[in-house]
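The next block holds one structure in the form of structure tokens; read it before the comments.
The values are calculated or read from the model by the stated rules, or taken from the named source; none is laboratory data. Note that this is a predicted model, so its numbers are computed, not measured. Using ideal geometry, Cβ is built from the backbone for each residue, glycine included, and neighbour counts are taken over all protein chains shown.
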Amino acid sequence: MNKISTKIALLLLTVSSCFTYSYAQKIAHISLDSLVTVMPETKIAKDVAANYLKSLDQEMLTMQTEFEAKYKDFLEKEATMSEPIKQNKQQDLQQLNKRIEDFRNQASQDYQHKYAELTAPIMEKAKKGIEAAAKEGGYKYVFDTSVGNVLYFEPSDDLFGAVKKKLDAMPAAVIPGAPNTTGGIKDPKTPVKPSPGPKTGGK
């Protein structure tokens, strides 16, 4: 009987320890979007992306200018063209118009891919900063409040300030196509212009 009582006591002690450990785990939260927005590398990435988009817009403008010139020439000379020449000109215009549409679609995809490539090192650095701050603070879970899918959680600590200090001490993220920069993070109150959209030039 004493052996049974001892086993029960040990079991209760183990269960109690598990519950105590579970409830003792620290949780925190941070807005990853806000953190990335105030990182100085983000401004650099946006500038590089804007220049890339500008080059795509310029190429699109060149193609559209070519199309408009050829179409204007076609309209001016259409009345004097033989039927075979007219059909040949019309086919050329259709092919050029298709190239423009194909380029517009591809340019949009290329811009999205380029922007993702530019921001990847920034996200990696931000996550390393969060991981370092979480480990230092003894946090077991960190919620990303910018995602918006956390409907409820117990009161937790905001890691923004702690992660900010970690990022200040880390080397700058290497942005493809951009000059090397110093690390650090800007004041969260500093306004930042939104990222340019994946548009291409028009008429």
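Descriptive notes on the structure:
- Meets criteria (touching a residue at least 60 places away in the same chain (Cβ under 8 Å) and basic (K, R)) for K89: no
- Helices (runs of 4 or more DSSP H) wholly inside segment 1-86 containing at least 1 residues that are of a type outside the set (A, V, I, L, M) and at pLDDT below 90: 2-24
- Restricting attention to segment 71-125, the residues that are of a type in the set (S, T, Y) and over 38 Å from the mean Cα position of the chain (by Cα) total 3.
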